[in-house]
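The values are calculated or read from the model by the stated rules, or taken from the named source; none is laboratory data. It should be emphasised that the depicted structure is a prediction, and the values quoted were computed from it without experimental measurement. Every residue, glycine as well, gets a Cβ built from its backbone with ideal geometry; the counts of neighbours run over all protein chains shown. Side chains included, ligands, DNA and RNA excluded: accessible areas come from the protein's heavy atoms. Shrake-Rupley method; radii C 1.70, N 1.55, O 1.52, S 1.80 Å.
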Amino acid sequence: MLRNCRYPGPMHADSSISDRLASTFNDRFRGHDNRNWDEWQTAHAYASAAEIPPHAERAWIGRQKLNYRGIGDRTKLRHLIASNVDQSFFNEIGELPELERLELEWPMVASDLSPLLRLSQLAFLGIDSPRKIDDFAPLIQIPSLRTL
């Protein structure tokens, strides 16, 4: 899995090499090594689910009150970055049949991961600060999941 990463050299007591290697692996597997954040900000960031075009494959949205309502109707989404996800928002995310990549940014306040079981195409899942989740068992029931 790591064979395509470029190794920066031998590990020494020099923590900067170790830090660079860890950062390279983290960025690559989180998909940040080639992500154009300016493009995401201008083309894929939305203030509400209602603003997301029905044909959109990518979206970035943070929950503010009920602005997420209707995201479950955006069934063409393949990549979603969501923040401040509560259980109601997460339940709607579970209605996205084409979703392959889901990044749940801080804070992740949902407590039940079972909506993920409906995402049969999900290959990548990132969860930042899952402070209310007690049961991670649903994750092992997602056969398509490749990166956590």
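Shape of the range 52-148 from its Cα gyration tensor (a ≥ b ≥ c, root eigenvalues): rounded if a/c is under 1.5, otherwise prolate when a/b > b/c, or oblate?
Values: a/c = 1.69, a/b = 1.13, b/c = 1.51.
Since a/c reaches 1.5 but b/c is at least a/b, the shape of the range 52-148 is classed as oblate.
When a 1.4 Å probe is rolled over the protein heavy atoms, the share of accessible surface on the range 52-148 that falls to carbon and sulfur comes to 48 percent. In the range 42-146, which GluC sites (Glu not before Pro) are in a loop and have at most 16 other Cβ atoms within 10 Å, using DSSP for the loop call? Taking the range 42-146 and a limit of 16 other Cβ atoms within 10 Å, the loop GluC sites (Glu not before Pro) found are GLU57, GLU95, GLU98.
In what order, largest first, do ASP38, ASP135 sit by accessible area if the probe radius is 1.4 Å?
Largest accessible area first, the list is ASP38, ASP135.
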